[in-house]
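Colleague: I have a structure I would like to understand better, so I am pasting it below and will then ask my questions one at a time.
The values are calculated or read from the model by the stated rules, or taken from the named source; none is laboratory data. Since we're looking at a predicted model, the values are computed, not measured. We place every Cβ from the backbone using ideal geometry, glycine too, and count neighbours over all the protein chains shown. Quick note on the areas: whole protein, heavy atoms, side chains included, nothing else; ligands and nucleic acids left out. Shrake-Rupley method; radii C 1.70, N 1.55, O 1.52, S 1.80 Å.
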Amino acid sequence: GALRSAAMVEYTDNSVALTELGRRHAAVVTAPTSAAELQDRICRMLGGPSERVLRPLIERRDGIPRDVLAQLAGYGHIQSTGFVKAIGRLRTLGFIAYRPGGIVVPQPVLFLET
């Protein structure tokens, strides 16, 4: 809403588009050159609890039991509010998924795979 009020973006149909003013103010971002660079950018952008949860998942690409992940991320138990919110956010963003048995797995997008 603030960007629209500042005439930086406009709403068109079901999308948001930069205006010419928005383009002039937008930061130029280069594409990551490796999966590690992409992962680092994502983690830094997410920050806080989401980053704490995502980094161990990236290191253990095959997935981690939810209780072990909580411990690796520095949480005392899987019901910790910060952990629950971080897991939910990462799932909503499409960075993680669940496998049977409570295994949390990072998604291929984090590894530049389709």
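Colleague: Which condition from (1) touching a residue at least 12 places away in the same chain (Cβ under 8 Å); (2) touching a helix residue (DSSP H, G or I) at 6+ places or on another chain (Cβ under 8 Å); (3) not in a helix (DSSP H, G or I) is the one that GLY101 breaks?
Modeller: Every listed condition holds for GLY101 apart from (2).
Colleague: For a quick check of your reading of the model, give me the residue pairs whose first member lies in the stretch 55-71 and is closer than 15 Å to GLY88 by Cα and without any contact (Cβ under 8 Å) to a residue 40 or more places away in the chain, whose second is polar (S, T, N, Q) and surrounded by 15 or more Cβ atoms within 10 Å (Cβ to Cβ), with beta-carbon atoms closer than 8 Å and at least 6 apart or on different chains.
Modeller: ALA70/SER80
Colleague: Ok, one more. Looking only at the stretch 2-12, decide whether some residue is more than 22 Å from the chain's Cα centre (by Cα), polar (S, T, N, Q) and open to solvent by 100 Å² or more (accessible area, probe 1.4 Å).
Modeller: Yes, because at least one residue in the stretch 2-12 is more than 22 Å from the chain's Cα centre (by Cα), polar (S, T, N, Q) and open to solvent by 100 Å² or more (accessible area, probe 1.4 Å).
Colleague: Sticking with this structure for a sec: Has the stretch 68-86 got any residue that is under 25 Å from THR33 (Cβ atoms) and part of a loop (DSSP other than H, G, I, E, B)?
Modeller: Checked the stretch 68-86: no residue is under 25 Å from THR33 (Cβ atoms) and part of a loop (DSSP other than H, G, I, E, B).
Colleague: Which residues, counting only those in the stretch 13-55, are among the charged types (D, E, K, R) and either surrounded by 15 or more Cβ atoms within 10 Å (Cβ to Cβ) or closer than 23 Å to ARG66 by Cα (or both)?
Modeller: ASP40, ARG44, GLU51, ARG52, ARG55
Colleague: When you go through LEU110, LEU90 one by one, which is the residue that is surrounded by 15 or more Cβ atoms within 10 Å (Cβ to Cβ) and without any contact (Cβ under 8 Å) to a residue 60 or more places away in the chain?
Modeller: On the way: LEU110 fails: without any contact (Cβ under 8 Å) to a residue 60 or more places away in the chain.
That would be LEU90, the only listed residue that is surrounded by 15 or more Cβ atoms within 10 Å (Cβ to Cβ) and without any contact (Cβ under 8 Å) to a residue 60 or more places away in the chain.
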